[in-house]
Ligand code: GDP
């Protein structure tokens, strides 16, 4: 998980002061020593660590905190506020042009995740901002990159503009923008060439593309796992080319978090999105405050709710409610529900966003038993359509057959049937209560 080490250290340190009714200057100093150590260990830029510790100390030693009734809690709040500030304060949204198309340039070194992120970003902008993206393959030096983008486009059912490797990147970009206008595609996302290092030639090419039409956003894609190297790359790109924001990839594998905590402060450019996995839906908007909460073990319920909202289909939810009400919920609906929960991502990742989850011993290594979900699915798949809609017909014989067909035991089948019955009973009670509530509301 991202920030694992830092989270553990900071939470441990803050836990010790949290409940204190009185806090001395020495207490604060001691605490700040630990905070400094935790940040350095997380590979945060040294200057950034110094600035952070100074700010928190000054505020924490202030009279209003020391004399307050809950100095410990106030200090925790100060650390959270300053962590939020460090990562940019407010969420930084994508800037769209008043006049279409919006042009977004994706830049970065090879292997950072630029091509994958180009697809992920288009997917997010389509889903959340209702945009119509056009992906542009302008990395002509790596033919595989063009293929890769085309494959991603296919997977996401998004159009990809490519001209092979014989046309210059600038010309490709120019034609792509024209093409987008003709096709009424309002967001052009250009996947530019990557290099192993920042070099003159690359910068010149990027500047030429940028001279074509001033992009609305220039997003630098950097690999969070490379820590301070990522921050240095960001600084170079910002000085040589000018960027408008950073997308940090592979945060899912970054246990330290140094890049995420330093990049904003060093470059003064906001982190706009973070990559949380290889899959094409694993790109999240970056919210400094939520991330700070997560680091401090205060949970991240908002991201969780958002995840649920994007993955759960409104229409389906309405249908389901109707089924609850009319008692026509079947095992097929149950399967559908399981599928939606699964789409939200690995269950252990979801669990970690809950407040206090960090303190549950062993959770960091816990793999939620997803095989249990697999078993449930297998059982339902082994039922006949009649059994799925009318589970009452499932007698002992049928139970045996289903267990055999799904490679489970009769006990597993019994358990699921019982759960399903209980669920239906609960729904009945709930809808009865709702109906009563509604009737009452109508009385004069
Ligand atoms: P490019 O050379 O910068 O275009 O990089 P690619 O898009 O080809 O990505 C390089 C590798 O990083 C691929 O294997 C991606 O699947 C992987 N990758 C990209 N973003 C993420 C992420 O957020 N998390 C993880 N775990 N892997 C990622």
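The numbers here are math on the coordinates, done by the rules we state, and not lab data. Quantities reported herein were computed from a predicted structural model and do not represent experimental measurements. Backbone-built Cβ (ideal geometry, glycine too); neighbour counts: all protein chains shown.
Summary table below
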item	result
Length released on extending from residue 100 to residue 240, taking residue separation times 0.36 nm less the Cα-Cα span	47.7 nm
Residues 420, 286, sorted so that the one with the fewest Cβ neighbours within 10 Å comes first	420, 286
Equivalent ellipsoid semi-axes - Cα gyration tensor, the range 119-164, angstrom	21, 9, 8
Two-decimal ratio, the range 371-413, of alpha-carbon radius of gyration to 2.2 N^0.38 Å	1.03
Cα pair distances of the range 43-105 binned at 5 Å [whole percent]	3, 15, 18, 15, 12, 10, 7, 7, 6, 4, 2, 0
R0 of 45 Å, Cβ-Cβ distance residue 326-residue 90: FRET efficiency to nearest 0.05	0.50
Prolate/oblate/rounded label for the range 164-221 (Cα gyration tensor, a/c 1.5)	prolate
Antiparallel bridge percentage (DSSP; both residues within the range 102-298; nearest 5)	10
Residues residue 422 and residue 318, FRET efficiency given R0 of 25 Å [Cβ-Cβ distance, rounded to 0.05]	0.55
FRET efficiency, residue 371 to residue 401 (Cβ-Cβ, R0 30 Å, nearest 0.05)	0.85
Net lengthening on full extension, residue 229/residue 343 (0.36 nm per residue, minus Cα-Cα)	37.7 nm
For the range 374-398 and the range 240-282, distance of Cα centres in Å	47
Residue-span extension gain [residue 278 to residue 142] - 0.36 nm each, minus C-alpha spacing	46.9 nm
Burial ordering of 269, 207, fewest other beta-carbon atoms within 10 Å first	207, 269
Value at 222 nm in deg cm²/dmol, rounded to 500, when DSSP H runs of n ≥ 4 in the chain each add -39,500 (n - 2.57)	-18500 deg cm²/dmol
Kirkwood Rh, Cα atoms: Rg over Rh of the range 225-266	0.96
Span from the the range 141-195 Cα centroid across to the the range 1-69 one, whole angstrom	47
Rg followed by Dmax, in Å, when the chain is reduced to its Cα trace	26.4, 78
Alpha-carbon gyration tensor eigenvalues x 5, square-rooted, for the range 102-298, Å	26, 19, 15
Per-residue Cβ neighbour rank within 10 angstrom, fewest leading, 425, 114, 323	425, 323, 114
Rg over Rh, two decimals, the range 4-86 (C-alpha only, Kirkwood Rh)	0.94
